[in-house]
Amino acid sequence: MVELLAPAGDKKSLYAAVMGGASAVYLGLGNFNARMKAENFSEEDLKETVEFAHFYGVKVYVAINTILQNCELAQLLECVRAAVKAGADAFLVQDIGVCRLLRERFEGIELHASTQMGIHNLEGAKVAERMGVKRVVLSRETTLEDIKAIKAGTSLELEYFVQGALCVAFSGECYMSSVEQGASGNRGLCKQMCRLPYEARLGEFKKTGYLLSARDLCLAESVGELRKAGVEAFKIEGRMRREGYVAKAVSVYRKFVFGAEDKLSAEDKFALKTAFSRGEYLLRPYLDGGTPSVVEPRFCNHTGVEIGKVVEVRPFKRDLFEVTAALNMPIADGDGLKLFDGDVEKASLGVGGVRREGKNTYKFVTSTRVKEGWSVRLTLDSAAERALLENKRYREMKMFVTAMAGGPLIMRAECIVTDRHGERVTVEAEACSETLLEVAKNAPMSEDMLREQATKTTYAGFVTTSCDVRTDGVFAPKSAVNCVRRELLQKLTERVIAAFGKNDVKESCEPLELPKFEELPHAKADIALHTVMSEDLLKGVFLKKGEMAALAPSEYTAQEVKNMLEALDLAPDEAALKLPPLACGKDIQKIEALLSAVPNLKTLVANNLYGLSFAKRGYMVIAGEGMNIANDFAAAEAVRLGACGVASSIEFENAISVAAQEEPNTQGSKKIKLFLSDKRYPLMTLAHCPFKTLFENDCAHCSYAPGLTLSRERHKYAVRRVRLSRCIFELYPV
């Protein structure tokens, strides 16, 4: 069943999504969601919200997609319990420990792996399937080839982002806001450090701009291709955006998801760009593989559509100016404009007192000091948004009215409901008056009069497609007809919601207990991982007692790894290989070839779910920092999935209080070791090429050179390239 999934950051956006024709919405409950700055919803009003959505056949997914600590799990359960009781259809989860906890505590709960979990290849999807999730929200970096492989190799439902903001860093692997500002993106508090200006330096080369600010995504014209590849749910990003954006995006994508559209019309492009766009859209940045350029270095915010220029500015009244603009389209009171001097945004304003003078000339008054020659961009088309926000969605119903002398006024209605499983169900309801009808003495109520009064249903969300009336000339007061109609619609509403269906979730009554582990013999970790990069070998590397070298080669080839082992004077079984958090199917083939050529290299550090799949091949797998493990349930789940050791998330030191122990098996139980990282973990993992952004080249004319840095104020970052079947890049503090 194909689904169009819309964001609901507040009640207005949810209303716009439902009325616009979305088939599902996703929202947060204040705590534990990746958009903590959105207005979100309260546990108290969620039941009413869910019932409203279910009446129109719209599912509600609750996002609890952040990483949690042990002390927060009890509060999380309260939140989930309230959402289950309210009738929420599914929960989006990032933390593998939360996934385990909810699976154990709530029988029948539907879990979706959030894009923050970073699932982007078949091996990772298979691990997610073992975790009991029904659906994966694939990372935006997932290629079309990998989507097809995941669909063919698992029974998972697949969801994919098709519109909205694009994180410049790989999902779940951005730590810049957390490390610099103490505001974790993995906790819903991202400070959007990527949207700030930076200076790039490489030798004598220097360039400034918004060098980490990605353009927005628009995959409308790829929806058909994605459907064929196996994507069932098409997701619009934007829980931080206003209801007008939601209404426009839903109205456009309905044509592609449920209709036969495959090309964006000029009108639809205009609608989407005035709703929100950072320059030109990215039409299919990662679908075809490779390492694209996704950054717009000139600006970092909504730019809308250029519609003309300022031709004259005159003083108007005190602190006000009259602006004359030559425009290629009309503007009206309430519209939003931005004024640019070249590529530099100079002003953002709402317009009022608009006057048209001549065919393409408009005047308006503003307090902003505007200059002649500035370009004018439309960022809010108020009339178009109002029209969309006034849309109403109705359930069709048939009505039957009986008004016969000696009997009560009877109204019956029926409508067809598609339930949450896609099955069509006929719903019926009936209501009748408390008093009996009498033959009219003077003015009987005709069939047409009864029909007109009975079919006033749109206020309740129904539209009457037919109304069969039987009467023999009785008198029926309008007040009686209204009363019976209201009772009928109330009953029908309740039965429509019931027919849509509810989650069949049962919570365990057992008290919450952390997994039973053996206490660590020491307060500190057993072993410290010491990340060694290829570049480090030129400086000399010294391992301390109790440290294990975790190799992070700049190129994942057997020769590169052998060179590193030789330089460190280590045998393969004395070191670990760090697996990159981002690896498409072809990248994994490169890793497999490397491991085959270095047969005694048996210890791996997994920084994404896919890495745990190597445990089934006989490798000792450590769940690394990129797994974002911050509670004991996550540690226990990593062990169940194959890990022999766990490193805490870099955002929470000593988050794991104990060492996990596997369930007893034929080989006996195994203790898990707790590892301590040396914090040499990238603040960002990038699937795009910074060099293409800076030098405007392509791969055939590669401009890569070591030594690239990005700086902002007192902060400086080194850009490191890692080569697999393609290039990925990492950002480290200097």
For this session: Identify all residues within the range 342-380 that are surrounded by fewer than 18 Cβ atoms within 10 Å (Cβ to Cβ), touching a Gly at 6+ places or on another chain (Cβ under 8 Å), at pLDDT below 95 and under 26 Å from C300 (Cβ atoms); write none if there are none.
Result: S348, L349, G350
Problem set entry | Residues of the range 156-176 that turn out to be out of contact with any helix residue (DSSP H, G or I) (no Cβ under 7 Å at 6 or more places or on another chain) and hydroxyl-bearing (S, T, Y), as a count | 1
For this session: Starting from the range 258-277, take each residue that is touching a residue at least 40 places away in the same chain (Cβ under 8 Å) and list its partners that are among the acidic types (D, E) and surrounded by fewer than 18 Cβ atoms within 10 Å (Cβ to Cβ), counting only C-beta distances under 8 angstrom and pairs at least six apart or across chains.
Result: D262/E221; K263/E221; L264/E221
For this session: Looking for whichever is of a type outside the set (V, I, T), touching a residue at least 24 places away in the same chain (Cβ under 8 Å) and farther than 22 Å from M19 by Cβ here; the options are G308, G244, G238. Which one fits?
Result: G308
Seminar exercise, completed: If you go through L570, L565, the only one that is farther than 23 Å from G626 by Cα and part of a loop (DSSP other than H, G, I, E, B) is L570
For this session: Would you mind stating whether K191 is farther than 18 Å from R726 by Cβ, more than 19 Å from the chain's Cα centre (by Cα) and touching a residue at least 12 places away in the same chain (Cβ under 8 Å)?
Result: no
For this session: For L378, work out the one condition from (1) free of Cβ contacts under 8 Å to residues at least 60 places away in the same chain; (2) part of a strand (DSSP E or B); (3) among the hydrophobic types (A, V, I, L, M, F, W, C) it doesn't fulfil.
Result: (1)
Problem set entry | Selected residue [closer than 30 Å to L211 by Cα, surrounded by fewer than 22 Cβ atoms within 10 Å (Cβ to Cβ) and touching a helix residue (DSSP H, G or I) at 6+ places or on another chain (Cβ under 6 Å)] from S251, S293 | S293
Exercise. Which one is nearest to A384 (Cα to Cα) among residues in the range 305-341 that are loosely packed, with under 13 Cβ neighbours inside 10 Å and in contact with a Gly (Cβ under 7 Å, 6 or more places away or on another chain)?
Worked result: D333
For this session: Might you let me know whether the range 12-30 holds any residue that is more than 18 Å from Q163 (Cβ to Cβ), under 14 Å from the mean Cα position of the chain (by Cα), crowded, with 19+ Cβ neighbours inside 10 Å and in contact (Cβ under 8 Å) with a residue 40 or more places away in the chain?
Result: yes
Exercise. Could you say which residue among R187, R254, R241, R215 is at pLDDT below 95, under 30 Å from R386 (Cα atoms) and charged (D, E, K, R)?
Worked result: R241
Exercise. Of all residues in the range 381-391, how many are exposed (fewer than 13 other Cβ atoms within 10 Å of the Cβ) and either in contact with a Ser or Thr (Cβ under 7 Å, 6 or more places away or on another chain) or assigned to a loop (DSSP other than H, G, I, E, B) (or both)?
Worked result: 1
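The values are calculated or read from the model by the stated rules, or taken from the named source; none is laboratory data. Note that the coordinates shown come from a computational prediction; the quantities given were computed from them, not determined experimentally. When we count neighbours, we look across all protein chains shown, and the Cβ atoms used for this are built from the backbone with ideal geometry, even at glycine.
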